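First the structure, in the form of structure tokens, and then the observations on it.
The values are calculated or read from the model by the stated rules, or taken from the named source; none is laboratory data. Since the structure is predicted, the reported quantities are computational estimates derived from the model, not experimental observations. Here the Cβ positions follow ideal geometry from the backbone for every residue, glycine too, while neighbour counts run over all protein chains shown. When the accessible area is computed, the model is the full protein with side chains, heavy atoms only, and any ligands, DNA or RNA have been set aside. Shrake-Rupley method; radii C 1.70, N 1.55, O 1.52, S 1.80 Å.
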Amino acid sequence: MFYNKSNDHMCGIVGYVGKNECTDILIDSLSKLEYRGYDSAGIAVFDSGEIKVAKSKGRLADLVEKMKTEGKIKGHAGIGHTRWATHGEPSDINSHPHSGKRVTIVHNGIIENYKQIKDFLISQNREFLSETDTEVVAQLLDYYYEGDPLDAIIKVMREIRGSFALGIVFADFADTVYAVRRESPLIVGVGENESFIASDVPAILKYTKNYYLLEHDEISVLNKDGVKFYNLHKKEIKLELKTADWDMDAAEKNGFEHFMLKEIHEQPTAIRTTITPRIVDGLPNLEECGITPEALKKFNRIHIVACGTAMHAGTVGKYIIEKLARVPVIVDIASEFRYRDPLLDENDLVIIISQSGETADSLAALRLSKEIGAKTLAIVNAKGSSIAREADMLIYTHAGPEIAVASTKAYMVQIAVMYLLAFELAYAVGKIDIDECRRLTSLLSSTPDIIENILEHKEHTQYIASSLITADSLLYIGRGLDYALSMEGSLKLKEISYIHSESYAAGELKHGTISLISDGMPVIAVATQKSLFEKTVSNIKEVKARGAKVIMVCRDSYDPEKDIADYKFGLPDIDDIIMPMIAVVPLQLIAYYTSVLRGNDVDKPRNLAKSVTVE
Ligand code: F6R
């Protein structure tokens, strides 16, 4: 992570101008952005023509409580913020909004040169209340403000460096909201006699589906006359109005207890929506994404670069592309790739996988790859995001909005796209014939139904989870594709249950890690691969003999003896190659129920945020 003292890195920002009383709208919109951060929240509203601020450490609910005692602020225009602090304690004082004398702002991102600017402003006798870089921007705006907000914003934009999005209100311009962005995402929504700003689409879906995507260094002005856009030369510009194809339901829980559970259940639909338009005559067809078999087969090597869960999807991709197409694939963690001077040339294809399309390290890896001369392909869920816009080729995954911090359906469609690519490439380079390509594609198409069936038996994963809740630590083991999957199972469990867990290649255990096994330690053994099954069973026996409590995720047809497994989750018999698509589901559910049973905040695990827009 980028070290920047007391700084706000992720965060969600919103704004409203219009016919309705805006406090509740701001709070409601912020609630849709809590996935971006949730350690403090605040709003600033023009109340009787004056900017009034309410802010609080803690969740949005704490802010609402605070307003109950301090008195609700009311008006028809305002801005709001939900924060994710990486350094320094979340506190009332560091919460947004921050103000100068006549300016109040909310901010998402980092101002890299805030220290120099702060020193300058202090030399000009300006005083600071907080340690944040946000307050530095508020004060700098104030310093340059001579009656024209646009002039002040433009001057500040020329001076500040970094990636950020700002929502701004000026005391002299009641009921007007200004917004500007560089790198960090920001949209401007338009409804009937009302307009919005937001870091992401779900925040405005309840009110409108129509929005503009603000580009880098573009300024937006929202007031009772509507919305206008300017560039840094103060020239008015026109932007294209977009319509969100997500509906409200997609951003609500729809009766599920948590977004994560809802999103796990949405996986069959997400797969269908993602793959169906890319299958023609029973074969993968990525032409609508600008990808032809001829173009694909030109590459000597493929690099898959991503972070976290998306990187794990890439790891599944490596196994299947290498197996089927015999093209070498290197998987990299984006934060490593970008600083290790990677060996790339124009014969390399770099695939960047990202749900949000805004992950700073993945975006930097994409830019670096382009700079070196490699061709880039992005697999992205968020429409119009930076990675989607900058890559040479693009395949959108159609998972819809993923709200839970722990990624499930986005991973599922990322691997579904990896399958399509692997099949298309294997066929293009002549490693499989047309019949085999059709057979594999139809196998992939059959997975949504199989997953629906698995979901009907989810209570069994609840039972398994109840055996994990007191564990201090556990291991996931597997070989080949099962190992690739174990990585994801382990990450999912640790991030939401807070139980330490590691994934290990089953055959590697005896080279050190097996000494961790003690009486009763849970080991989740993923053993779906027929071709490796006996080998994995030997490794399971090794841990079992040392006291491990073994949970096996394997084919239902296998009936383990008591000396092998204590629990089993059975899966239907399908080809080894396609197993990850279905075997990940019980792993997601085990993580989910363990978190629920431990009483954790499943959708918003501690210390995390959904969209990691800094390195
Ligand atoms: C874990 C999780 C993260 C993300 C990672 C990359 O459940 O969601 O590990 O996968 O932060 O994010 P994107 O895909 O937005 O680039």
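Couplings for region 523-531, taken from phi via the Karplus curve 6.51 cos²θ - 1.76 cosθ + 1.60 with θ = phi - 60°, read 10, 9, 9, 8, 9, 9, 7, 4, 5 Hz in order; Gly and Pro are left as x.
Between residue 502 and residue 434, the contour length at 0.36 nm per residue exceeds the alpha carbon distance by 20.5 nm.
Between the Cα long axis of helix 579-597 and the first principal axis of the chain there is an angle of about 60°, rounded to the nearest 10. Normalising the average separation of contacting C-alpha pairs (under 8 angstrom, six or more residues apart) by the number of residues puts the relative contact order of region 12-251 at 20 percent. Residue 240 contributes about 130 Å² of solvent-accessible surface, heavy atoms of the protein only, 1.4 Å probe. When both region 21-79 and region 321-372 are represented by their alpha-carbon centers, they are found 40 Å apart. Start at zero, step by 10 Å, and the Cα-Cα distances of region 457-599 spread as 13, 49, 34, 4 percent across the bins. Candidates 163, 503, 554 compared by Cα position along the dipole of the chain: farthest toward the positive end lies 503, with charges placed on Cβ. Under the rule a/c < 1.5 gives rounded, and otherwise a/b versus b/c splits prolate from oblate, where does region 485-548 land using the Cα gyration tensor? Taking the square roots of the gyration eigenvalues as a ≥ b ≥ c, region 485-548 is oblate. Placing R0 at 51 angstrom, the Cβ-Cβ distance between residue 74 and residue 469 gives a FRET efficiency of 0.65 after rounding to 0.05.
All alpha carbon pair distances within region 12-251 were sorted into 10 Å bins beginning at 0; the resulting P(r) in whole percents reads 8, 36, 39, 15, 1, 0. The charge dipole of region 322-473, taken about the Cα centre with unit charges on the Cβ atoms of Lys, Arg (+1) and Asp, Glu (-1), comes to about 180 debye, rounded to the nearest 20. Averaging the Cα positions of each part gives two centres, and for region 400-414 and region 135-205 these lie 30 Å apart.
Placing a pseudo-label 7 Å from each Cα along the Cα-to-Cβ vector at residue 234 and residue 339 gives an inter-label distance of 4.2 nm. I want to make sure I understand the PRE zone here: with the label point 7 angstrom from the Cα of residue 449 toward its beta carbon, which residues in region 254-274 have backbone N atoms less than 15 Å away? Correct set: 268-269, 272.
Per residue, the accessible area of the chain comes to 37 Å² when a 1.4 Å probe rolls over the protein heavy atoms.
Label-to-label distance for residue 601 and residue 462 is 2.4 nm, based on points extended 7 Å past Cα in the beta-carbon direction.
Binning the alpha carbon pair distances of region 4-73 at 10 angstrom intervals from zero yields the distribution 19, 52, 25, 3, expressed in whole percent.
Ignoring everything except DSSP H segments at least 4 long, calculate the 222 nm mean residue ellipticity for the chain; use -39,500 (n - 2.57) per segment, divide by total residues, nearest 500.
Working: 18 runs with 212 residues, N = 615.
It comes out at -10500 deg cm²/dmol, rounded to the nearest 500.
Want the number for residue 129 to residue 113: 0.36 nm per residue separation, take away the alpha-carbon distance, what's left?
On the way: separation 16, 0.36 × 16 = 5.76 nm, distance 1.85 nm.
Length gained, residue 129 through residue 113: 3.9 nm.
For region 276-384, chymotrypsin sites (Phe, Trp or Tyr not before Pro) meeting the loop criterion (DSSP other than H, G, I, E, B) and having at most 14 other Cβ atoms within 10 Å: 339. Remark: region 390-396, residue by residue, has Karplus-estimated 3J(HN,Hα) of 8, 6, 5, 10, 9, 10, 7 Hz, where x stands for each Gly or Pro and the curve is 6.51 cos²θ - 1.76 cosθ + 1.60 at θ = phi - 60°. Taken as Cα centroids, region 456-479 and region 532-558 sit 14 Å apart, rounded to the nearest whole angstrom. Over all distinct Cα-Cα pairs of region 117-167, the Kirkwood formula returns a hydrodynamic radius of 11.4 Å.
Label separation (residue 519 vs residue 371): 5.7 nm, computed from points 7 Å beyond Cα along the C-beta direction. The calculated Kirkwood hydrodynamic radius for the chain is 25.4 Å, given to one decimal from all distinct C-alpha pairs. Counting only protein heavy atoms, what percent of the accessible surface of the chain is carbon or sulfur at a 1.4 Å probe? Percent of accessible area from carbon and sulfur atoms in the chain: 48. Normalising the average separation of contacting C-alpha pairs (under 8 angstrom, six or more residues apart) by the number of residues puts the relative contact order of the chain at 12 percent.
From largest to smallest, the equivalent ellipsoid semi-axes obtained for region 332-471 from the alpha-carbon gyration tensor read 30, 23, 14 Å.
Report, as a whole number in µm² per second, the diffusion coefficient that Stokes-Einstein gives for region 253-448 at 4 °C and 1.567 mPa s using the Kirkwood radius over alpha carbon pairs. Intermediate values should be presented prior to the final figure.
On the way: Rh = 16.7 Å.
Taking Rh from Cα pairs, D becomes 78 µm²/s.
Beta-bridge orientation, the chain: approximately 60 percent antiparallel, per DSSP, counting only bridges with both partners inside. For residue 217, the residues whose modelled amide H falls within less than 5 Å of its own, excluding neighbours fewer than 5 places apart on the same chain, are 181, 182, 183.
Taking θ as phi - 60° and the Karplus parameters 6.51, -1.76 and 1.60, the scalar couplings of region 313-322 work out to 4, x, 5, 4, x, 4, 4, 7, 5, 5 Hz in sequence order, x denoting glycine and proline. Computed from Cα atoms, the angle from the helix 409-428 axis to the main principal axis of the chain rounds to 60 degrees.
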